[in-house]
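Each remark here refers to the structure printed beneath this line.
The values are calculated or read from the model by the stated rules, or taken from the named source; none is laboratory data. Remember, it's a predicted structure, so these values are computed and weren't measured experimentally. Cβ placement follows ideal geometry from the backbone for every residue including glycine, while neighbour counts extend to all protein chains displayed.
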Amino acid sequence: MFAHPPNRWKGLLTAVIVVLIATAIKSLLNPLYGVESPFLLFFSAVVISAWLGGFSAGVLATVLAALLADYFFLIPYFSFNLMPHQALRLLTFITEGLIISFLSHRFWVSRQRADHEYQQRLTAERSLRENEEQFRLLIENATEYAIILLNDQGQINSWNRGAERITGYAKEEAIGQPLDLFYLEVDRIIGRPQQTLKAVARDRPFEQEIEQRHKTGRHFYAHLCLTAIYSDQGELRGYSLITRDITERKQAAQELERRVRERTAQLHELNQQLETFAYRVSHDLGAPLRSIQGFTTILLEDHSENLNGQGRDYLRRIGRGAEKLDRLVSDLLTYSRFSSEKVPLEPLDLGAIVDDLLTRLGVDHAIDVMRPFPPCLGNRVIVTQILQNLIHNALTYTSPQRTPQVTVTTELQGDQLRIVVSDNGIGIAPADHERIFRPFERVDPRYPGSGIGLAIVSNGMKRMNGRYGLESVLGEGSRFWFELPALVPTDHTP
């Protein structure tokens, strides 16, 4: 605020000086006016003091002028004795001086405030002009983006360098033209630009990747962002259009898509070749292996008396090797089939699957099954194979000092049914929990197995888009589980 001049004491000193000058001039002019005008020039001194020094200076000038006028220019001279009418005149002067001081001061404050506001307005206008100029230069010199302003009829009002570079049209060619200047002919025929403007005017910002036309006639892909501009009163003033050329990105995406299609086709062909190879291996090796197993059994049963103990041991080793190789070929074939086949999901009766499996394995007396099983969705062949592998592993990887204890249970996890196969076997170290689900990775090479069983579990669950996992403590047993969609989720475990 401007209640006082910058230097108050300087203003008071100015008041004293001005009053003294007025007194001197009055003394010189007094012979001409006499006692009729004792306050001549003192009003001017009060006004000047208040103007230059503020209200305090005006008050000081009024009091000082009153004292000097009384002492020098009112009868009796050189005395402060006043007659009643003189006292009234002096009081009137003081009152008028105070009023003049106040009004001068208020005028000064108002003038200063007006000057300050005027300077602020000039500064703001200058800053606004500079910002507008910078914004204009920024837009006009942007080359990566076409930044275009349209009027409310959809005609082009502004055109930057980016628009020139992207569309090929110079500013002089574009100004005043409709929006469809760089639209494809088919879009013009169906009125697509006008439909877009109407949609945007209904407060629906438009953003899309669209094919457009360059001045030379070639086509390019552009990302458009069109927005309506409204006044404070809600009146449509025009549109802003920001366009970016994405042709290179689009072509790169198309090229990548083409390569993906080619690579997918190659992988599909390779999978078919691998499947054919697996079937061929299974067929070509299966018969010789079965012959080896058969002849080994015949030799051991019918001609063992012609062999010594070492010969019989060799035959048993041959038989076990052929059996192991036959199982490996069978597991590889299963693994290959699960990697390539389409997997239809259907409602499953887990109880029937488990019963059939235990009958075929002939181990129902060693397995504790917690019934009933809730219905779920899955592929019967894959689920049967997974359960068979998990139960087989649970029975196989057991310490010779323990009696195998295998349990098959289910748990509801939200909308998923978790099937769990638990055992009291040798357990698996935490560092091996992920490794053993890969092909040819085994828990302990001292135990029989092809190294494919858990890989089949992993591959089968991936084919059904299901989750699987393992909880195990080394030396205390394992808990393998896999999840399938439950058909009737409930809040408790059956």
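Do we find a residue being within 47 Å of the chain's Cα centre (by Cα) and within 13 Å of Leu484 (Cβ to Cβ) anywhere in region 393-402? For region 393-402, residues within 47 Å of the chain's Cα centre (by Cα) and within 13 Å of Leu484 (Cβ to Cβ): absent. Run Val421 past the list (1) within 38 Å of the chain's Cα centre (by Cα); (2) among the aliphatic types (A, V, I, L, M); (3) modelled with pLDDT of 85 or more and report the number of the one that doesn't hold. Every condition holds for Val421 apart from (1).
Of all the criteria given as (1) of a type in the set (Gly, Ala, Ser); (2) surrounded by 15 or more Cβ atoms within 10 Å (Cβ to Cβ); (3) closer than 24 Å to Phe72 by Cα, the one not satisfied by Ser104 is (3). Remark: pairs (first residue in region 197-226, in the same structural domain as Ile166 (by TED's automatic domain parsing) and closer than 21 Å to Arg165 by Cα; second residue among the acidic types (Asp, Glu) and surrounded by 12 or more Cβ atoms within 10 Å (Cβ to Cβ); Cβ separation under 7 Å; 6+ apart in sequence or on different chains) = His219/Glu211; Phe220/Asp245; Tyr221/Glu209; Tyr221/Glu211; Ala222/Asp245; His223/Glu209.
Checked against (1) modelled with pLDDT under 75; (2) in a helix (DSSP H, G or I), Val343 passes all but condition (2). Checking each residue in region 99-120 for being in contact with a helix residue (DSSP H, G or I) (Cβ under 6 Å, 6 or more places away or on another chain) and either under 15 Å from Ala66 (Cα atoms) or not in a helix (DSSP H, G or I) (or both) picks out Ile100, Ser101. In this structure, Ser304 qualifies as at pLDDT 65 or above, of a type in the set (S, T, N, Q) and either within 22 Å of Ile382 (Cβ to Cβ) or surrounded by fewer than 17 Cβ atoms within 10 Å (Cβ to Cβ) (or both).
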